[in-house]
1. Sum -39500 (n - 2.57) across every DSSP H segment of at least 4 residues in the chain, then divide by the residue count to get the 222 nm mean residue ellipticity, nearest 500.
2. Hey, can you grab everything whose amide H is under 5 Å from the amide H of residue 205? Only 5+ residues off in sequence or another chain; H modelled, so Pro and N-termini drop out.
3. If the cut-off is a Cα-Cα distance under 15 Å, which aspartates and glutamates reach residue 6, setting aside same-chain residues fewer than 8 apart in sequence?
4. Could you please report the charge total around residue 198, scoring K, R as +1 and D, E as -1 over all other residues with beta-carbon less than 12 angstrom from its beta-carbon?
5. In 5 Å bins starting at 0, how do the alpha-carbon pair distances of the stretch 438-573 split up by percent?
6. Within the set of other residues whose C-beta is less than 11 Å from the C-beta of residue 161, count the net charge using Lys and Arg as +1 and Asp and Glu as -1.
7. Provide the net charge surrounding residue 279, with neighbours chosen by a C-beta distance below 14 Å and charges set as Lys +1, Arg +1, Asp -1, Glu -1.
8. For residue 246, list the lysines whose Cα falls under 20 Å from its own Cα; do not include residues on the same chain fewer than 8 positions away.
Amino acid sequence: MSKRTKVVVWGGSAVATPEMVDVMSREAVGAGSIELVLVGRTKEKLEIVGTLCRRIAERGPADLDVSFTTDMESAVAGADYVLNQIRVGGMEGRAFDESFPRRFGIPGEETVGPGGFSYSLRTLPVVLDYCRLMEMLAPQAVLLNLTNPSSIVQYAVRRYTNVRVIGTCDSPVSLMEAVAQLLDLPLAELSFSYVGMHHFGWITRVLWEGQDVMPHVLERVEEISKLEIDAKILQAIGAIPSPYLKYYYHPDRILAKTEGRATRAEQLVGVQAAMLEQYEGWTSADKPDTLVRRGAVWYRKIVVPVLLAMIKDLRKPFIVSVDNGSAIPWLPEDTIVELPAIVGADGARPLAAAEVPADVKAMVQMNAAYERLAVEAIVERSYGKALRALLANWMVHTAGQAKGLLDSIWPEGKEDEAGKQGQVVGAVSKTEDIVFPDIVYGDGILREVPLLEERFVVVTMEEPWALAKEMLPAKPAAVAFVRSMDWDAVEGLERDISPDVERVVGIGGGSALDMAKYVAWRRNLPCDLIPSISSVDTFATKSIAVREGGHVRYIGFIVPKNVYVDYALIRQAPPRLNRAGVGDIISAHTALWDWALAHERRGERYDEDIAARFRDLLTALDENAPEIQRVSAEGVHFIMDAYAQINLICRRFGSSRPQEGADHTFAYNAEYITERPYIHGELVSLGTLVIAALQDNEWEWVEGILERCGVLYQPRDLGISEGGFVSILCSLEGYSRKYGRRYTVLDDRPITESFIEGMVGRLVF
Ligand code: G6P
């Protein structure tokens, strides 16, 4: 094998990581050369753990190189595999998850029940942020997920990103080993039927030499001590569940046992401290004994075998968590199921699942509904869905429990306050509620904005603030001026704002509104936005765009409460800034083409209804061109309303695929090559025009709309020289590959010299 495989570990400074390296250093023989990059946040801890890992790797026979870094981007770039084992909130967070449900008469655990829900609340935003980085820097990589609650995390990744992900957990293997031990037979001689979800799986049949030995197992099932579930129940059902089912069958016993006791997390704090202490300066060739005692069996039993099965393309069966597809016909296709699957270089393909008894089926279905609702609730910040999620959880029995639990962990606190955060809009989909701001349009409406009674901070920039200051009905408690959206500057500005403000009001363009969202998100405050130009869609998006190392990074999830679109304010901005709003609408013209291509060539998910809605928007754009050119109230309204619609549609779909294609890649590459900022919509307009030409896709129609709207899109107006333009085009395909942009025309048609010549001839420099 000639290629070097890059494996990245998120949460690489975990004290158990040396165990993974130990297993790999022995087992990865024959897997070629492997570069293992550990990413951690705390430098000191990472160095201690990383140094030990290096020593262990050097000792083993495999061709394994270990490095460690705190720089996520450089680590992720070009990765082939990423192992996610981060623990958001650390052991302190885990201790909370394992204890707070007890107040409501429910055992605490970090995966199942309300504890798992609370852990998801902390974890999903972080994992989704990291996955966005993966989409950009390592789009082909496979994510192996270990972070709990494992299948909730995995469902969020599948639903909201394009990352390929497989979930690994040792508990199915451990359960099968226990059965083999009970029968006193080697595991390899037994064959199991296994079906379910993470920590919710069942062994339904055990065969030995072609014979069903399940009756023997059930007869003596009490001997599997870790199950802690009444044998009578299992004998009656005829199946053996994951030991985690004890939380559902016997919560009372677990509560009684844990009453007044330290949580697992509290116990582990001491263990981890001892481990780190021993690791420091460890020089022996043996593994530290504290590591052995930690018992991180998951690396040996499942994580490393699955990883190596992919690297070596073994096509062997493992029980892992994967997309259901049609494997379990009685569960939705997108449920994350735990099943035997064939693992090879192209991922994990689940095998058709065995039948299960009706009551088990119903339990798993309810668990699937719980996980889906939990993810949606957290991503959409929907209190209502969170309540439904908890009510659909097997460990929660009354509505009072659900509400009490939620009120003690939901970021907005109580329901009433949460209700203030955003309005639930059901316009796009009848089945899924999406939280969306209230958008108020009007001339001179800022005077009536209800701000009198609260201490609010205005987050803005000098120019829009000079215009808007006199129009507001009340004076803010503080004004914060945004100078840069670089990550450090963003955090610094948030820290400088007085702690006692009760509301955040963003006034300005993209950066000011994003910064306002950031402050509100960090502090969990209600947020109102007042756009001062009609060429930014920040008011309608749920994430926050910051810059890191020159690249955009999307973080957070926040929906503003109110958006006030005051024509009187917007019309004072230079018309150019307002007309540029066309860019992010017209880009759908080329993005839809790219999407259809990706569907055809790559089998990417395609939705004709969504494509049709975008085509309607483009027709309406054509009709509204004169109003946009005049920057009339109608023109401004059209653009802002189009943004709102686009964002709703894309959120329902799960990505911006229908609106962003090679047009945006062109714009990002132009910024990258020429190293200067642009008016986003103008650059995207030029990008759309160029890409329409490359696609052979009604270039003249695009040009006509841009002209009639009065958008500046010619390289001359944007300050792009002929040489600069040629460099942008020459490097475009490479940029798209390097930064892992989606599949587009750039992957399908070369940019030839004659195409560049043709473009140069048609545009004005
Ligand atoms: C098993 C469970 C995991 C759990 C792990 C470690 O593998 O399936 O969900 O994270 O054990 O548990 P511990 O309590 O030792 O951290």
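1. -15000 deg cm²/dmol
2. 193
3. Answer for residue 6, where 15 Å is the Cα cut-off: 35, 63, 65, 73, 80, listed by chain and number.
4. Net charge in that neighbourhood comes out at -3.
5. 2, 12, 23, 26, 21, 11, 4, 1, 0
6. Combined, the nearby Lys, Arg, Asp and Glu give +2.
7. -2
8. Candidates past the 8-residue exclusion: 226, 232, 257, 361.
FYI, it's all coordinate maths here, none of it is from the lab. All of these numbers come straight from a predicted model, not from anything done at the bench. A quick note on method: Cβ atoms are made from the backbone with ideal geometry, for glycine too, and the neighbour counts reach across all protein chains shown.
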